[in-house]
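Below is one structure, written out as structure tokens; the observations come after it.
FYI, it's all coordinate maths here, none of it is from the lab. Remember, predicted model here, so these are calculated numbers, not experimental data. Don't worry about glycine lacking a Cβ; one is built from the backbone with ideal geometry, like all the others, and counts go over all protein chains shown.
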Amino acid sequence: MKAKKIAVLGSTGSIGTQTLDVIRMHSDRFKVQSVAARSNLELISKQIKEFVPEKAFIYDKDLACVLRARFPDIFVLSGEDGLCMLAQDREVDIVVNAIVGASGLIPSLCAVRAGKRLCTANKESLVMAGEILMSLAGQTGTKIIPIDSEHSALLQAMLSGSHSEISRLILTASGGPFFGKDVDYDTLKPEQALNHPNWSMGPKISIDSATMMNKALEVIEAHWLFDIPPEKIDVVIHPQSIIHSIVEFVDGSQIAQMSIPDMKLPVQYALTYPERLESTINALNLEELEELTFYPADRETFPALGLAFKALEIGGTAPAILNAADEIAVNAFLNGKIRFSEITSLVQECMNSIKITHRISLEDILDADRTARDWMVEGIKEQAR
Ligand code: NAD
Ligand code: MG
């Protein structure tokens, strides 16, 4: 079998490096065609040495010059269009989008437009432009496969019935580092919020997990990926992160997917879907599991969740505004500019303040993204005065 060529976008991050681990394990099946990172020159250099891709991308132009000097045989790209070129590369079979944030949107669109299989960890692109991405995938006949563990679980559980037989999607949420704890959200430090109990992830998603904004984005992601209306999507807190999500069918059956929490599993499933391959992940030892517990995730206790459902209800550019506002708020919190408790309230204020456009084009989405970012930057400055 000819090895499938993969573009690994965001190769130096948590999901990117785990994708390379999976490719390393199945080097007879997969070959790295390209790697892409924002600024981690040393790690991307190490990856180029090991995987010998044809192309590489680093956002910063000066760093790209250094990379070219180090690897004269490799085609090195940089700047705004480089990621799209990697995603559309004729040689590429699969694009893994492991970029964090709204920067993942254009590469996702380019991959789908070019008819590539898109394995996406980048939920932000689906939150911002789910309708456009899914309809484009329909037109080009390509598949968008989620890497997010909850959505991977849903995809797997869905194989048990037809779309019309689904009565509910139940997304599980760990609840983050503070669930059930008595914490002062006003004095909380970034280090405390970055410390996730079950997963080791990049800084943005770690903070989003602590505020539950991650689950909010995942509700929107699930809505678009699986074409399920918001009223049929629920969230339940499950602190052990063993059950990754559940599909409920009209006969009352609930099909769940379970495993130890390890992102290499959903990464590999996305690459091999609908097949399965051996992996390095040990199956659960059920006798050693002490307990699986579940708690309600109501929208009053977790206002971020409420914002996701509100954004879906409003529609149009509302989810893109939510996404952009959150990105700025998380950065501001990590840089000590706002308190933890202000992340969600500022996002909410931003959503309430910016005019929503309906029947949207990509331009409208990018516009809303920019407007929300500007609004947030101003809002945060004002608060500091
Ligand atoms: P991370 O911060 O560890 O890595 C982000 C990667 O994106 C890095 O390689 C960085 O260089 C790259 N990047 C950022 N901006 C870029 C740009 N403009 N051009 C090129 N590369 C750029 O983040 P992560 O935790 O790996 O998360 C990545 C995505 O996967 C996010 O959307 C996140 O929500 C999703 N996700 C992550 C996990 C996890 O366990 N880490 C689980 C589920 C979903
Ligand atoms: Mg997830």
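Data for the structure
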| item | result |
| --- | --- |
| Overall form of region 43-199 per C-alpha gyration tensor (a/c, 1.5; a/b vs b/c) | oblate |
| DSSP-defined antiparallel bridges as percent of all bridges, region 153-266, nearest 5 | 65 percent |
| Kyte-Doolittle mean at least 0.0, axial Cα span of 18 Å or more - DSSP H helices of the chain | 123-140, 213-226, 318-334, 340-353 |
| Eligible lysines near Lys55 by straight Cα distance, threshold 19 Å, same-chain separation 8 or greater | Lys4, Lys5, Lys31, Lys46, Lys116 |
| Pairwise FRET efficiency - Asp251 versus Tyr295, Cβ, R0 = 25 Å, nearest 0.05 | 0.45 |
| FRET E, pair Lys2, Gln139, Förster distance 22 Å, beta-carbon r, rounded to 0.05 | 0.25 |
| Cut-off 10 Å between beta-carbons: net charge of the residues surrounding Arg117, Lys and Arg +1, Asp and Glu -1 | +2 |
| Cross-link pairs beyond the 31 Å C-alpha cut-off, checked among Lys264/Lys381; Lys204/Lys310; Lys123/Lys337 | Lys264/Lys381 |
| Considering only region 4-146, percent of DSSP beta bridges that pair antiparallel, nearest 5 | 0 percent |
| Cβ-based charge dipole, region 133-276, positive-most Cα from Ile166, Ile147, Tyr273 | Tyr273 |
| Cβ-based net charge around Ala368, under 12 Å, with every Lys or Arg adding one and every Asp or Glu removing one | -2 |
| The chain, relative contact order [Cα under 8 Å, separation at least 6], % | 14 percent |
| At 1.306 mPa s and 10 °C, Stokes D of the chain from Kirkwood alpha-carbon radius, µm² per second | 75 µm²/s |
| Extended-chain gain in nm, criterion 0.36 nm per residue less alpha-carbon gap, Lys61 and Lys337 | 96.5 nm |
